[in-house]
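**Q** Take this structure first; my questions come after.
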Amino acid sequence: MTETPDFPPLTDADWSDEIADMLGGFAGGLNVYRTMAHNPALLRAWTDLREHVVNRTALGKQGSEVVILRTGVRLGSSYEWQQHVSRARKCGMDDARILSLRGPVEGMAPGDALLAQAVDELFADAALSEATLAALAARVGKTGVLDLMATVGFYSTLGFILNTSRTPLDDDIAAELAAQPLS
């Protein structure tokens, strides 16, 4: 009988020599990447895409956070939701705006509604409708449309890993949200 694998975030002591150079960077800083480190080759390959999706996106910081938060909602990933509540606040989003991303698109600011609608369509249909594609291209351009789809795919993969492995929220984010709950 095969035992079900367990994927707890790796400790420093369990970190693979193959990715030792990544421990001090983004990979060692978050439980999601410490979980992904069970597959060192995957984590290494993830680096360049992560750099683009997280730091070089045509969506801008707030647009990116809208897409990530809505993706977290659609995946039912409490880790992604909570992690990105913190990041959204740090890039200037207020709690009312963040909370609106959990609800219907009709309750959101128009720009957020468009981004959330795009995320919803990708989850529902695996494609953007012509109307959403045209509106999105007018707002963020071709590169922004591609970045949005890549962001949804990237964070969906992370959500699958997080939800399957039941990765715990990072202690600093848990403490931050306990001290300043989303209101």
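Read-outs: derived from the displayed coordinates by stated rules, not from any lab. It should be emphasised that the depicted structure is a prediction, and the values quoted were computed from it without experimental measurement. Ideal geometry is used to build each Cβ from the backbone, glycine not excepted, and the neighbour counts take in all protein chains shown.
**Q** Report the Stokes-Einstein translational diffusion coefficient (µm² s⁻¹, integer) for segment 54-158, Rh taken as the Kirkwood radius over Cα pairs, at 10 °C with viscosity 1.306 mPa s.
**A** Reported coefficient: 119 µm²/s.
**Q** Find which of T167, L122, G60 sits farthest along the positive direction of the dipole of segment 54-183, computed with +1 on the beta-carbon of Lys and Arg, -1 on that of Asp and Glu, about the Cα centre.
**A** G60
**Q** Shifting gears a bit: Would you calculate a helix-derived [θ] at 222 nm for the chain, using -39,500 (n - 2.57) for each DSSP H run of n ≥ 4 and dividing by the full residue count, to the nearest 500?
**A** Value at 222 nm, helices only, nearest 500: -20500 deg cm²/dmol.
**Q** Using only the Cα atoms of the chain, build the gyration tensor, take square roots of its eigenvalues as a ≥ b ≥ c, and label the shape rounded, prolate or oblate: rounded if a/c is under 1.5, else prolate if a/b is larger than b/c, else oblate.
**A** Note, shape of the chain comes out prolate.
**Q** To continue, here is another question. What is the distance in Å between the Cα centroid of segment 135-166 and that of segment 95-134?
**A** 12 Å
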